[in-house]
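Okay, so here's the structure we're looking at.
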Amino acid sequence: MNGSHFTYAIKPATVADIESMRALERRAAQQFRTIGFEFCADGPVRDITEHGRILDCGITLAAFAADGGLAGFAMFEPLDGEVHLVEIDVDPVHQRLGLARRLIAGGIDWSRLKGFDGMTLTTYRDVPWNAPYYRRLGFEEFKPGPDRKGLLRTINQEAAWGFDFRPRIAMRKRLL
């Protein structure tokens, strides 16, 4: 699909966007079926409370297509003295057009404005649009130590949701 057919407005999400983001997360997760990760496609999506918490303590950037429809979003929160990329999803119609890269860049800009010098995330090690993609954006794998209590809680929560069925890793990017 030619990306020139799409233009996007990226702006902070609001409470009014939460249901659209939850529906988009479910649609985007269906891509995992193509690699046999049905547990991701069928797993839980972020609940309303989680979305609200991120809106209160961090930022969710939402990308809207020219028709006003939600095309993607990325959730960022302060965690362990850095910023954590909590969730990023792009609607299947808008995937592979650079939108995820733009959302992450927006999160990096926000992080720097807030004085953070690093960003973390958790992801699947072997899924092409996960760890290999983030490596291309400058993220590096790391093992969180005991000083990363928030990140360790996140990893344990993801395991409780059943998302550690395949190898997951933590990654970090310095923002200096």
- prompt: In segment 87-117, which residue that is without any contact (Cβ under 8 Å) to a residue 40 or more places away in the chain, on the phi < 0 side of the Ramachandran plot and among the small types (Gly, Ala, Ser) is most open to solvent (accessible area, probe 1.4 Å)?
  reply: ALA105
- prompt: Residues in segment 9-20 that are farther than 17 Å from ASP67 by Cβ, surrounded by 12 or more Cβ atoms within 10 Å (Cβ to Cβ) and among the hydrophobic types (A, V, I, L, M, F, W, C): how many?
  reply: 2
message: Just to be sure before I move on: is VAL127 touching a helix residue (DSSP H, G or I) at 6+ places or on another chain (Cβ under 8 Å), assigned to a strand (DSSP E or B), surrounded by 16 or more Cβ atoms within 10 Å (Cβ to Cβ) and of a type in the set (A, V, I, L, M, F, W, C) in the structure I sent?
response: no
field: So THR120, is it within 24 Å of ALA16 (Cβ to Cβ), hydroxyl-bearing (Ser, Thr, Tyr), in contact (Cβ under 8 Å) with a residue 12 or more places away in the chain and surrounded by 17 or more Cβ atoms within 10 Å (Cβ to Cβ)
entry: no
task: Examine segment 33-46 for a residue that is touching a Cys at 6+ places or on another chain (Cβ under 9 Å) and at pLDDT below 95, and state whether such a residue exists.
output: yes
query: Picking from ARG26, ARG33, which residue would you name as being farther than 19 Å from ARG168 by Cα and out of contact with any strand residue (DSSP E or B) (no Cβ under 6 Å at 6 or more places or on another chain)?
result: ARG26
- prompt: In segment 144-167, how many are open to solvent by 100 Å² or more (accessible area, probe 1.4 Å) and modelled with pLDDT under 90?
  reply: 3
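The values are calculated or read from the model by the stated rules, or taken from the named source; none is laboratory data. Only a predicted model underlies this, so the values are computations on that prediction, with no experimental measurement involved. Glycine gets a Cβ as well: all are built from the backbone with ideal geometry, and neighbour counts include every protein chain shown. We work out accessible area using only protein heavy atoms, side chains counted, and drop any ligands, DNA or RNA first. Shrake-Rupley method; radii C 1.70, N 1.55, O 1.52, S 1.80 Å.
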